[in-house]
Every structure is written in structure tokens, then in C-alpha cells.
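The values are calculated or read from the model by the stated rules, or taken from the named source; none is laboratory data. Keep in mind it's a predicted model, so treat the numbers as computed, not measured. Ligands, DNA and RNA are excluded from the accessible area calculation, which covers all protein heavy atoms including side chains. Shrake-Rupley method; radii C 1.70, N 1.55, O 1.52, S 1.80 Å.
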Amino acid sequence: MPLETDRDIAHLLTETKRIALVGASAKPERASNRILKFLLDQGYAVVPVNPGLAGQKLHGVEVVSSLASINGPIDMVDIFRNSADAGDVVDEAIAVGAKSIWMQLGVINNPAVDRAEHAGLAVVMDRCPKIEIPRLGLMKSDNAH
């Protein structure tokens with residue numbers, strides 16, 4: 001079962017330090033581009049993943065081609081792919097030892113959730129961190145007070 005309680009989601013977002021954002025776009029109008037910037041602004045270390053943009057920079061961060069090409073630990077894999085393609089990303093995340101999966105709004109893949117949870121990963125499905133972080137009172141500016 002994906003994480004659904006505010007407490008569980010807040011805990012995941014608080015414990016997460018490094019996020020691989022799969023499906024990062026160079027187009028400013030795309031949600032993946034805006035959320036990449038939002039997560040960086042919130043103090044997360046974010047690695048954009050997109051094989052077509054590998055080697056370029058988005059918001060000052062170099063894009064990599066795959067999860068396997070990321071050095072070091074990955075706390076969360078944030079998936080901006082369609083529901084069917086999310087399954088392959090989840091399998092990659094399991095293979096590289098990621099700690100959690102976050103499937104964006106509209107990304108629903110129950111068999112992939114089952115595989116991730118069976119492998120010990122926490123999963124959030126059909127939600128957006130840009131909505132959840134302020135809703136849960138986790139904004140970086142809120143933490144300074």
C-alpha cells in the first residue's frame with residue numbers, strides 16, 4: 001500500500017535528501033521542470049534524469065542519462081513518466097538501491113508499487129511534492145522560524 005497518511009508522507013519528505021527526478025524536461029512550461037526548480041529551492045539535492053538531455057544543465061544541475069549513472073545514494077526517485085513507463089523506472093530504482101519511489105499526479109501503476117514495496121522501498125503514488133510540501137507545512141522558509 002502506498003504511503004497515504006500525512007504523517008508518513010511528511011516523514012518521507014523530511015528524511016529525503018537526494019532525489020533523482022526521472023523525466024526532467026528543459027521546457028519551462030513542463031511540470032517536471034518547475035518541480036525540479038521547486039525541489040532545489042527547498043534544499044534537496046536533485047539529479048535530473050533524461051537520456052535525451054544527458055550532459056546538459058537544468059537549473060544549474062547536470063542531467064544524467066539513467067539512474068544507474070548516478071554516483072552515490074538515491075533517497076527518492078520522483079517519476080515524471082506515464083503510468084505504463086513508470087514500471088521500468090521502478091525496476092531501475094530497485095536495481096540501484098533507491099530508498100523510495102514518488103509517482104507524480106496521474107502516474108498510477110499498482111504492479112510497480114507492489115514490486116517496489118516487496119523490495120523494501122516506500123512508495124507515494126498519484127501525488128506531487130510541490131503540493132504536499134506546503135500543505136504539510138514543510139516549506140524551507142517555514143523551517144527557518
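Can you pull a Stokes-Einstein diffusion coefficient for the stretch 30-73 at 20 °C (1.002 mPa s), Rh from Kirkwood over Cα pairs, as a whole number of µm²/s? This corresponds to a translational diffusion coefficient of 200 µm²/s. Looking at the chain, the DSSP beta bridges with both ends there are about 10 percent antiparallel. Expressed as a whole percent, the accessible surface of the chain that belongs to carbon and sulfur atoms is 52, based on a 1.4 Å probe. Excluding ligands, DNA and RNA, the accessible surface per residue across the chain is 50 Å² with a 1.4 Å probe. Binning all Cα-Cα separations of the stretch 10-145 at 5 Å, short to long from zero, yields these whole-percent fractions: 2, 11, 23, 25, 22, 13, 5, 1, 0.
From its DSSP helices (H runs of at least four residues, each -39,500 (n - 2.57)), the chain gives a residue-normalised ellipticity at 222 nm of -11000 deg cm²/dmol.
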